[in-house]
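Engineer: One structure, as structure tokens, below. Some questions next.
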Amino acid sequence: MSSFNKGLKKVEVALKWDPSPIGTPPHDLDIIAATYTSDDPGGAPAYVVHFDSRSPDGTITLNRDSTTGQGFGYDEVMTLELERLSPSYARVVVGIAIQQGERATVFGAVANTAVRIREGYTDLAQNDFSEVADSTAAVIAEFARDDSGEWVFREVLQGFDSDPTSFAAAMGRAR
């Protein structure tokens, strides 16, 4: 296992997309993080961070929340301070969901989507969602503690066809 994905301390997940064409409803993409306990790492999340919120202990924060994709560079950013997470947490799963309006919107219908996961200046993963173009949500990463208690990164790309609330409840089952 390389040093780039083991022993992680503070990770940033950044998301970008282009605004909707003029005269059409805005696309609203959201970063969602679900945290799981050591007692039940595959069960229900202990808590979920999304929509301009932060974790109860302040270790996972949605720093920027865009509802339109307007701006330069990355429009939405979440910080995960893994080294500060209590030892009672064994797993954090991160995903992206598209807020749904009257008609289902999939990644393929949103122009120039991209996500970047990095620690410091080291990119751990980048993706443009082309492999899950027909999905309305996707799990993009899993952070888990190894046997020594160090945080390890695993890139995941698994599409879902659900609204953000249903996705948040189901995303921990991604493998």
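Engineer: Going by the structure shown, is Ala144 aliphatic (A, V, I, L, M), touching a residue at least 60 places away in the same chain (Cβ under 8 Å) and not in a loop (DSSP other than H, G, I, E, B)?
Structural biologist: Numbers: aliphatic (A, V, I, L, M): yes; touching a residue at least 60 places away in the same chain (Cβ under 8 Å): yes; not in a loop (DSSP other than H, G, I, E, B): yes.
So Ala144 passes the test.
Engineer: Let me ask you something else. What is the one condition in (1) in contact (Cβ under 8 Å) with a residue 24 or more places away in the chain; (2) surrounded by 21 or more Cβ atoms within 10 Å (Cβ to Cβ); (3) not hydrophobic (A, V, I, L, M, F, W, C) that Ser55 does not satisfy?
Structural biologist: Looking at each condition in turn, Ser55 falls short on (1).
Engineer: Going by the conditions given, is Asp123 surrounded by fewer than 18 Cβ atoms within 10 Å (Cβ to Cβ), at pLDDT 95 or above and not in a loop (DSSP other than H, G, I, E, B)?
Structural biologist: Numbers: surrounded by fewer than 18 Cβ atoms within 10 Å (Cβ to Cβ): yes; at pLDDT 95 or above: yes; not in a loop (DSSP other than H, G, I, E, B): yes.
Against the criterion (surrounded by fewer than 18 Cβ atoms within 10 Å (Cβ to Cβ), at pLDDT 95 or above and not in a loop (DSSP other than H, G, I, E, B)), Asp123 qualifies.
Engineer: Also, I was wondering about something else. Given Asp30, Asp52, which one is under 18 Å from Ala97 (Cβ atoms), at pLDDT 90 or above, within 14 Å of the chain's Cα centre (by Cα) and charged (D, E, K, R)?
Structural biologist: Numbers: Asp52 fails: at pLDDT 90 or above.
Selected residue: Asp30, the only one of Asp30, Asp52 that is under 18 Å from Ala97 (Cβ atoms), at pLDDT 90 or above, within 14 Å of the chain's Cα centre (by Cα) and charged (D, E, K, R).
Engineer: If only one of Arg84, Arg91, Arg64, Arg103 is of a type in the set (Lys, Arg), over 19 Å from Ser130 (Cα atoms) and buried (at least 17 other Cβ atoms within 10 Å of the Cβ), which one is it?
Structural biologist: Every option except Arg91 fails the conditions.
Engineer: Is it true that Glu142 is of a type in the set (D, E, K, R) and open to solvent by less than 50 Å² (accessible area, probe 1.4 Å)?
Structural biologist: Numbers: of a type in the set (D, E, K, R): yes; open to solvent by less than 50 Å² (accessible area, probe 1.4 Å): yes.
Spelling it out, Glu142 is indeed of a type in the set (D, E, K, R) and open to solvent by less than 50 Å² (accessible area, probe 1.4 Å).
Engineer: Kindly provide the set of residues from the range 1-51 that are touching a Phe, Trp or Tyr at 6+ places or on another chain (Cβ under 8 Å) and polar (S, T, N, Q), ordered by number.
Structural biologist: Asn5, Thr35, Thr37, Ser38 - these are the residues of the range 1-51 that are touching a Phe, Trp or Tyr at 6+ places or on another chain (Cβ under 8 Å) and polar (S, T, N, Q).
The values are calculated or read from the model by the stated rules, or taken from the named source; none is laboratory data. In this text the structure is predicted, and so the values were computed from the model without any measurement. So basically every Cβ, Gly included, is an ideal-geometry build from the backbone, and we count neighbours across all protein chains shown. Note: areas computed on protein heavy atoms with side chains; ligands, DNA, RNA excluded. Shrake-Rupley method; radii C 1.70, N 1.55, O 1.52, S 1.80 Å.
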